[in-house]
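Heads up, the thing below is written out as structure tokens.
The values are calculated or read from the model by the stated rules, or taken from the named source; none is laboratory data. Keep in mind the model is a prediction, meaning the values are calculated, not measured. Note: ideal-geometry Cβ built from the backbone for every residue, glycine included; neighbour counts use all protein chains shown. Keep in mind that these areas ignore ligands, DNA and RNA; they rest on the heavy atoms of the full protein, side chains included. Shrake-Rupley method; radii C 1.70, N 1.55, O 1.52, S 1.80 Å.
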Amino acid sequence: MRNFLSLLLLFLAIFFSVSSQAKNDELFNKENIELELPEIIVKNVEQDIVLKILDKDVVKKLIDKEVKVAISGEIFSAKIRNGSLTIPYIFDENETLTISVGNFSESVPITPIPLWLSIIPPLVAILIALTIREVYSALFVGVWVGAGIIYYYKGSMFIVAIFQGFLAILDTYIIESLNNSGHLAIILFSMIIAGTVSLISKNGGMKGVVNRISRFATSPRSGSLVTWAMGIVIFFDDYANTLVVGNTMRPLADKLKISREKLSYIIDSTAAPVASVAFVTTWIGAELSYIQDGINSLNLNESAYGVFFNSLLYSYYPFFTLAFVVIIIWKKVDYGPMLKAERKARSQISTDKLSIDEKVSKDLMDEVTAKEGVAARSFNAIIPVLVIIVGTLTALLYSGWNQEVWNNNSIGFFEKLSDTVGNADSYTALLWASLGSLFVAIILTLSQRLLSLMEVIESVIQGFKSMLPAIMILTLAWSVALITEHMHTADFISGLLIEASLSPYLVPVITFIIAALVSFSTGSSWGTMAILYPLILPSGWLVAQNAGLDYETSMSIFHNIAAAVLTGSVLGDHCSPISDTTILSSLASSCPHIEHVRTQLPYALTTGAVAIFIGTIPASFGISPWILFPLGIISLYAIIYVFGKKTDVEVATGS
């Protein structure tokens, strides 16, 4: 009897189950289901197949209930969420994909893009940049190649795919890159701050700052230190820094018998190294954009500004460069080709022979030269710069403020500050501050009748124009990043690194070296960042996660990698004879270009080596930056002490 009841219950359970399944099957049919496959299918990468349920009644009946879906004979379970069934699936071969659920069935031929092809677009961009020494074309062709590959694997013929890929550069990738509020905010901020720089140069404010500082130059040492200090003060743009400081200090340097080589080295060492790590510059927009794209691709709960601030703890090369310049000036020593140049300058009776025919282009000088006859008043530059600094900090605090965090007595002030800045809307903060700074600069200029309204507008527009090359690089870089995201390039690179059993602790130093080599070869730190950030940031994070590192350790490596791309790019740019800032440093100081490169290279390589071995590598293994920064500066001092030789006789009183 007991066995009979058990069989009866089993039969009833099967009957009701089959009956229920039959009813469910009737709910799914061609009329109420729409199949959505990934727009770009890549082999061996998990992507989502979505079955969109069009009948709202079916959604209500089955919401949060498991539904069986057959994909090419394999059964998957999924729950209805937001009116859809989403099934993660790995496309590992060319196949006719058959998807069945209930009375719905559909077959689709699939030709996934081989994952290894995802490295081709950025690789092509790098190789072209290295070959022709020009970044715009390299990035453009990189996008074209990627788009062409995508269309070819969507089923287009080869020639047709090339043509479709060409059109997609503009109508898909550039448009989609610009159709992003964060990207537009970066463009606006960069233009506004460039307009402000142009205006405070034209109204005599910048000249006033320079005049105030240059009074302290009375000897080769003090003159060199004043040049260094001016480079720090004009921190917001590397071009403005180079042109203003170089052209202003050149006559004074000649008088004090500072060599043109030394002058151009100091100028170059306080241009990109300063602009790259200051938190309100023409660089910061691009840096935040690249970092934000990396964060978005990984779905990390971090802010771009938070990552940038934390990465400063690993930005050894720029800070070591600034320290190296001060030490070598203060000790009045040099080594290598620079020693010969300095001794020759000290022995010169006349400086007439030092001048060269190369001149800074009129357009560049127009951007940083004050209008003739305008009174040079330093406050016309200082006040707008203070507005943008204080405004950015205030806006960051305002947009990221959380009273609960500040009421929590268990955490320290700097942790509270970091949390606030991390939660802030950095793009909005930069826009507010830059707009306020430009407005104040305009009011100061007009109220003192330094320039007419027409001249003010023309000056601001001239500043806007100066950012066009940077905006072009940014836009193309965003397009390349979009291609690499669509083709899952980060998955391919991280897979290679994992297969090679590369320690995540070595990723930052490898990144630094690659960035330096690419930047040296292309002459563009911006172009290097544009190519490497979308590739290395996600890959480094995935390698760290695959190695089983906890979130905190993974984030420290992530911050180190973010710094390595930036600082490696600056090192390569600093050494490269085709870098724009290197060339401008030569021109602005009237130094023969090859002599500038030749005398600067040993100093840059020395600082770069210390940054690698005393900074980046030990920092990856958890040694505190608060130990490494002093240790690195001590190491630089020791190198200068051992190799440095006195530069003969001082030519003026004072020290």
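For region 470-546, just say rounded, prolate or oblate: build the C-alpha gyration tensor, square-root its eigenvalues into a ≥ b ≥ c, call rounded for a/c under 1.5, and beyond that prolate if a/b exceeds b/c, oblate if not.
Numbers: a/c = 2.85, a/b = 1.42, b/c = 2.01.
Oblate, because a/c is 1.5 or more while a/b does not exceed b/c.
Please give the length that would be gained between K344 and L502 if that part of the chain were fully extended, namely 0.36 nm times their separation in residues minus their C-alpha to C-alpha distance (nm, one decimal). Before the final figure, lay out the partial values.
Working: separation 158, 0.36 × 158 = 56.88 nm, distance 4.93 nm.
Residue separation times 0.36 nm, minus the Cα-Cα distance, leaves 52.0 nm.
Can you give the local net charge around S118? Use residues other than it whose beta-carbon is closer than 14 angstrom to its beta-carbon, Lys and Arg +1, Asp and Glu -1.
Working: positive: K43; negative: E485, D491.
Spelling it out: positives minus negatives among the neighbours equals -1.
Where nothing but the Cβ of Lys and Arg (+1) and of Asp and Glu (-1) is charged, how large is the charge dipole of region 528-655 around its Cα centre, in debye to the nearest 20? Walk me through the intermediate numbers first.
Values: 3 positive and 7 negative charges, 45 e Å.
The dipole of region 528-655 has a size of about 220 debye.
For region 379-440 and region 495-517, write down the distance between their C-alpha centroids in whole Å.
35
Could you give the length gained on full extension between I90 and F464, defined as 0.36 nm per residue of separation minus the Cα-Cα distance, in nm? Show your work: numbers first, answer last.
Numbers: separation 374, 0.36 × 374 = 134.64 nm, distance 4.70 nm.
Length gained between I90 and F464: 129.9 nm.
Place the peptides 603-614, 39-50 in order of packing, highest mean first, counting for every residue the other Cβ atoms within 10 Å and averaging per peptide.
Working: 603-614: 21.8, 39-50: 16.8.
Per-residue Cβ counts within 10 Å, averaged per peptide and sorted highest first, yield 603-614, 39-50.
Sorted by average packing, counted as other Cβ atoms within 10 angstrom per residue and highest first, what order do 403-409, 110-116, 439-445, 54-60 take? Don't skip to the answer; put the middle values down first.
Values: 403-409: 9.7, 110-116: 16.4, 439-445: 20.1, 54-60: 13.3.
In decreasing order of mean packing, 403-409, 110-116, 439-445, 54-60 become 439-445, 110-116, 54-60, 403-409.
By its C-alpha gyration tensor, with a ≥ b ≥ c as the square roots of the eigenvalues, how is the chain shaped: rounded for a/c under 1.5, else prolate for a/b larger than b/c, else oblate?
Values: a/c = 2.30, a/b = 2.16, b/c = 1.06.
In terms of gyration-tensor shape, prolate.
If one computes the Cα centroid of region 539-583 and of region 283-342, what distance in Å separates the two points?
Each part reduced to its Cα centre gives a spacing of 10 Å.
Determine the share of the chain's accessible area contributed by carbon and sulfur atoms, expressed in whole percent, with a 1.4 angstrom probe.
Details: 18310 of 29220 Å².
Carbon with sulfur: 63 percent of the solvent-accessible area.
Tell me the mean residue ellipticity at 222 nm calculated for the chain from its helices only (DSSP H runs of n ≥ 4, each -39500 (n - 2.57), averaged over every residue, nearest 500). If you can, show how the numbers build up before the last one.
Numbers: 31 runs with 430 residues, N = 655.
The per-residue figure over the chain is -21000 deg cm²/dmol.
With r as the distance between the Cβ atoms of K52 and W116 and R0 = 30 Å, compute the FRET efficiency 1/(1 + (r/R0)^6) and round to 0.05. List each step's numbers first, then the result.
Working: r = 32 Å, r/R0 = 1.07.
That pair, W116 with K52, gives E of 0.40.
Which length gain, in nm to one decimal place, applies between F621 and L298 when the Cα-Cα distance is subtracted from 0.36 nm times their residue separation?
Numbers: separation 323, 0.36 × 323 = 116.28 nm, distance 2.30 nm.
114.0 nm is the gain from fully extending F621 to L298.
So, by mean Cβ neighbours within 10 angstrom, what's the order for 629-637, 119-127 with the highest one leading?
Values: 629-637: 17.6, 119-127: 20.7.
My ranking of the peptides, most packed first, is 119-127, 629-637.
Report, in whole Å, the centroid distance computed from the Cα atoms of region 44-107 and region 132-192.
Cα centres, region 44-107 to region 132-192: 32 Å.
Considering Cα pairs under 8 angstrom that are at least six residues apart, work out the relative contact order of the chain and quote it in whole percent. Spell out each step's value before the answer.
Working: 1107 pairs, mean separation 124.1, N = 655.
Once normalised by length, the contact order is 19 percent.
Working from Cα positions, state the angle (0 to 90°, nearest 10) between the long axis of helix 337-347 and the longest principal axis of the chain.
The helix 337-347 is inclined about 20 degrees to the chain.
Using a basic spin-label model with each label point 7 Å from the Cα along Cα→Cβ, how many nm lie between F158 and K60?
In this crude spin-label approximation the distance works out to 5.7 nm.
Between I132 and I594, what is the label-point separation in nm under the 7 Å Cα-to-beta-carbon projection?
Inter-label distance under the simple model: 2.7 nm.
Does region 541-655 classify as rounded, prolate or oblate by the C-alpha gyration tensor (a ≥ b ≥ c root eigenvalues; a/c under 1.5 gives rounded; else a/b over b/c gives prolate, otherwise oblate)? Display every interim value, and only then the final one.
Details: a/c = 3.46, a/b = 1.74, b/c = 1.99.
It comes out oblate by the Cα gyration axes.
Relative contact order, percent, of region 475-547 when contacts are C-alpha pairs under 8 Å separated by at least 6 residues?
Details: 44 pairs, mean separation 38.3, N = 73.
Computed value for region 475-547: 53 percent relative contact order.
Leaving out ligands, DNA and RNA but keeping every protein chain, what accessible area does K465 have, in Å² rounded to the nearest 10, with a 1.4 Å probe?
130
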